[in-house]
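Q: I'd like to ask you about the structure that follows.
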There are 2 protein chains.
Amino acid sequence: MQSFVYHNPTKIIFGLGVLGQTGAEAAAHGKRALLVTGGGSIRRSGVYDTVRASLEAAGIEVVDFGGVEPNPKLSHLRQGIELAKTSGADLVIAAGGGSVMDEAKAIAAGACMDTDINDYLTGGALLSCALPVITVPTVAATGSEMNGVFVITNDETHVKNGMAHDLVRPKTSIMDPATTATIPLEYTILAAVDIVSHATEGTLTQADNDTPLQDGLTDTVVRTVMDCMHVLMATPTDLPARTNMMWASTLAWNGLCPAGIGTWAKPCHMLGHPISAMYDTLHGATLSIVTPAWMEHQAEIEPTRIARWGRSLFGVSEQDDRSAALVTASALRGWYRKLGAPLTFAEAGIEKPDLDGLAERSMSIARSKGEDSGWNTAGIRSVLERSLQGSK
Amino acid sequence: MQSFVYHNPTKIIFGLGVLGQTGAEAAAHGKRALLVTGGGSIRRSGVYDTVRASLEAAGIEVVDFGGVEPNPKLSHLRQGIELAKTSGADLVIAAGGGSVMDEAKAIAAGACMDTDINDYLTGGALLSCALPVITVPTVAATGSEMNGVFVITNDETHVKNGMAHDLVRPKTSIMDPATTATIPLEYTILAAVDIVSHATEGTLTQADNDTPLQDGLTDTVVRTVMDCMHVLMATPTDLPARTNMMWASTLAWNGLCPAGIGTWAKPCHMLGHPISAMYDTLHGATLSIVTPAWMEHQAEIEPTRIARWGRSLFGVSEQDDRSAALVTASALRGWYRKLGAPLTFAEAGIEKPDLDGLAERSMSIARSKGEDSGWNTAGIRSVLERSLQGSK
């Protein structure tokens, strides 16, 4: 095991019927809340009314800011920051999915900055304060409810920037799994792909092979998601499965899985983000396209960790690591296929992807994260080429 | 899965050579630190000098308070509280094992109280503030470094009181596994027994059978401890094993394993604490005496969870749960025997235990924790009787 710092002070309130606690939690952090939401689904589901009533009962003044889109956009974010400033909001509450939580975090950061938020997103400005954030997630996917991560897409340049800062880590997240029970199956499938990717990017790219606690934790998360999806494919509203999957999504990306694994990278997110940015593809779909392709690429370079993962999760029995890693890629593709997640660009609706443009953007992300070791544009392009046909 | 609140804001700084960060962390919380220690081992090991030098370099004034004993005593605790008050300490730093951390937490609480700490320990007074606590654990055992739990023994009445309060949860814990590498094997064995008990009391007593994440996490912790002990029995100074075991000890008792399992109890700690209190037996030894006996008792009442655990950890293959639970008790006894942990009162040096007195004290603890459902003094006595001979 390697050295680490782990510090995750987010308070989690989890269970059926907990939304009514939003007001009391909010009152500990502010008086006037910018309530960030997406489309109309949380109004139709009643979540909006419950949260708003709880806030008002606690004496919180609510300023509405709706309309966050999937792959949240810089132009909309700027409107939210402006509204937070002009309304004098001292608290940001996100009620919705990963995009809503991400944009809410960026608003909380931008509301404390004198310069444009894009100066921070592109690395030119530092963050020294942020409004407190509370989340009420209505999907089990991004894990944004218990981390400081947020991803914003510049809708002018089509660049997607993922940031992480402790200042925007939610103070409290109020998680009612019932809010996720009516999510359409096609989104649930892509959420499952995302959760599994979060739980595994670390374990698949770490160098250390003596991390039994982290291996066991991450494999538990993945196994749980796979078991839950087996149930949800037949019965999408199954509440016990929705419940287990919601907590799994949090544990997958709250920093605990990688604590102690040493240096690791996020190659699949690095490969996937430009696809979302250029084609507005849903995040999970980009991951199911690129992950098996990346595994096949990585199997030729350093197959050890992929082989371990495949043996644990899919019962891969090949003795040599390279073969085991290749079989693992194939097994993962088989799981995606069973779910109906896209395996190729074409299946995700991208007929003629600009592989050169995508590769350049991925390389740029890798460089900005210090994760470019072993990568060049040609190498990235060769992985993306595999994603044209789905398998060799 | 059941509803839960999880909130663990302790910052963990983990790794070789991290002790020098104690000063910087302390400076964020105070200026004058009561440095709580045990016997002389941390002076001999150099840990004391490193921590003290780090504190002084950060401008922290250090007030020494040593001499904490195993099963920390109320009389010594009162001296510590008095010293904290008279010296004007605004911060308590524990450098040592579980007893040192526990007494430091109680000092941090007592230093803010006008009444005697025993009024709080016995339930007559409430805690409304505490000095900030920082820990530098030198054993992997109690998990005290990432929870609000502390256990104090009244050396007049021989009653051991376990308390838990968020106010004394450490702000930061600075964990260098090298500090644990020279712990004598006999203490390491009892520490392993304690960690496994922490990780399993919840999973063995919960009613919910649909908690795959929690099952996987707790089983990972136990499996890791067992694997580490296999190495340490041959090579007690093996640093990778010490490292994995140290993080395992934290995860076993930081609230994450039981988050979502619903109501659970701590029957083995309830049975063990009075043995420590009456005979000053080391905590881990009380657990290896009582745990298999409790399992055999519980197998006749509700064997489901013990059976699950035995199947996962020991590969128990019995189909019916009662048989599987009994075999699990036997397998656990076998593991203890391999370690050399005591299986009977006699092996722990207690020739003629006062079973009636112990049973009354256990019943009193169970009542005070609201964990007395299904218990009476006769039932507790019958479990303790099993611990006379070690197995039926």
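The values are calculated or read from the model by the stated rules, or taken from the named source; none is laboratory data. Bear in mind the structure is a predicted one, so any value in this text is a computation, not a measurement. Neighbour counts run over all protein chains shown; Cβ positions are idealised from the backbone, glycine included. These area figures cover heavy atoms from the full protein model, side chains too; ligands, DNA and RNA do not enter into them. Shrake-Rupley method; radii C 1.70, N 1.55, O 1.52, S 1.80 Å.
Q: List the number of the failed condition for B:Ala95; all other conditions in (1) touching a Ser or Thr at 6+ places or on another chain (Cβ under 6 Å); (2) assigned to a strand (DSSP E or B); (3) open to solvent by 20 Å² or more (accessible area, probe 1.4 Å) hold.
A: (3)
Q: With respect to B:Asn154, determine if the residue is closer than 15 Å to B:Gly272 by Cβ and open to solvent by 10 Å² or more (accessible area, probe 1.4 Å).
A: no
Q: Within region A:224-235, track down each residue that is closer than 22 Å to A:Gly17 by Cα and surrounded by 17 or more Cβ atoms within 10 Å (Cβ to Cβ).
A: A:Cys228, A:Leu232
Q: From the list A:Ala104, A:Ala111, A:Ala27, A:Ala89, which one is of a type outside the set (Asp, Glu), closer than 22 Å to A:Ala141 by Cα and either in the same structural domain as A:His158 (by TED's automatic domain parsing) or surrounded by fewer than 24 Cβ atoms within 10 Å (Cβ to Cβ) (or both)?
A: A:Ala104
Q: Sticking with this one: Which of the residues that make up region B:310-345 are open to solvent by 50 Å² or more (accessible area, probe 1.4 Å) and either assigned to a helix (DSSP H, G or I) or closer than 15 Å to B:Ala192 by Cβ (or both)?
A: The answer is B:Arg311, B:Phe314, B:Arg322, B:Val327, B:Ser330, B:Arg337, B:Lys338, B:Gly340.
Q: One residue is enough: does region B:281-290 have a residue meeting the conditions within 19 Å of the chain's Cα centre (by Cα) and outside any helix (DSSP H, G or I)?
A: yes
Q: Right, next: Would you check which residues across region B:62-91 are basic (Lys, Arg), within 15 Å of B:Asn154 (Cβ to Cβ) and in a helix (DSSP H, G or I) and list them?
A: Matches in region B:62-91: B:Arg78 only.
Q: Residue check, A:Ser75 against (1) in contact with a helix residue (DSSP H, G or I) (Cβ under 9 Å, 6 or more places away or on another chain); (2) away from chain B (no Cβ under 14 Å); (3) among the polar types (S, T, N, Q); (4) in contact (Cβ under 8 Å) with a residue 40 or more places away in the chain, all met but one. Which one?
A: (1)
Q: Output the number of residues of region A:238-277 satisfying the condition of being assigned to a helix (DSSP H, G or I) and within 11 Å of chain B (Cβ to nearest Cβ).
A: Summing the residues that are assigned to a helix (DSSP H, G or I) and within 11 Å of chain B (Cβ to nearest Cβ) in region A:238-277 gives 13.
Q: What number goes with the only condition from (1) more than 19 Å from A:His29 (Cβ to Cβ); (2) under 24 Å from the mean Cα position of the chain (by Cα) that A:Met101 does not pass?
A: (1) is the only condition that A:Met101 fails.
Q: Another question, then. Does at least one position in region B:296-313 carry a residue that is of a type outside the set (Lys, Arg) and either in contact with a strand residue (DSSP E or B) (Cβ under 7 Å, 6 or more places away or on another chain) or over 24 Å from B:Gly374 (Cβ atoms) (or both)?
A: Scanning region B:296-313, I find at least one residue that is of a type outside the set (Lys, Arg) and either in contact with a strand residue (DSSP E or B) (Cβ under 7 Å, 6 or more places away or on another chain) or over 24 Å from B:Gly374 (Cβ atoms) (or both), so the answer is yes.
Q: Open to solvent by 10 Å² or more (accessible area, probe 1.4 Å) and within 23 Å of B:Tyr6 (Cβ to Cβ), is that true of A:Ala164?
A: Taking the combined requirement at face value, the residue satisfies it.
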